[in-house]
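Below you'll find the structure, written out as structure tokens, and then a few comments.
The values are calculated or read from the model by the stated rules, or taken from the named source; none is laboratory data. Remember, predicted model here, so these are calculated numbers, not experimental data. Cβ placement follows ideal geometry from the backbone for every residue including glycine, while neighbour counts extend to all protein chains displayed. Accessible surface areas use protein heavy atoms only, side chains included; no ligands, DNA or RNA. Shrake-Rupley method; radii C 1.70, N 1.55, O 1.52, S 1.80 Å.
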Amino acid sequence: FSQTNSKAFTAKTSCVRRRYREFVWLRRQLQRNAGLVPVPELPGKSAFFVGSSDEFIERRRQGLQHFLEK
């Protein structure tokens, strides 16, 4: 979720959904341009598909949020 007070945006709050591979792409771009600044790690991928696991999905969501905040 993103919130803004900028008058340039009509919506003050927005929600964007991203796939894990988009975070992988973002991390690569940050690494390419970061120089000596360390880029945080992404939460790990599951060794097997666990798409129905609510616990796994929530842990990954929290890990991705932590990545964005760093």
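Within straight-line reach of residue 45, meaning a Cα separation under 29 Å, sit the following lysines at least 8 residues removed in sequence or on another chain: 70.
Each residue of the range 28-35 is assigned a 3J(HN,Hα), and the resulting list reads 4, 5, 5, 4, 4, 9, 7, x Hz, derived from the Karplus form 6.51 cos²θ - 1.76 cosθ + 1.60 (θ = phi - 60°), x at Gly and Pro. Rounded to the nearest 500, the 222 nm mean residue ellipticity of the chain from helices alone is -14500 deg cm²/dmol, with -39,500 (n - 2.57) taken per DSSP H run of at least 4 residues. Residue 45 exposes around 150 Å² of accessible area when a 1.4 Å probe is run over every protein chain in place. Rg and Dmax over the alpha-carbon atoms of the range 19-69 stand at 12.3, 39 Å.
Of the GluC sites (Glu not before Pro) in the chain, the ones in a loop by DSSP (not H, G, I, E or B) with at most 13 other beta carbons within 10 Å are 41. Counting only Cβ charges, +1 for Lys and Arg and -1 for Asp and Glu, the dipole size of the chain around its Cα centre is about 300 debye. Between residue 70 and residue 1, the simple spin-label model (points 7 angstrom out along Cα→Cβ) gives 2.4 nm.
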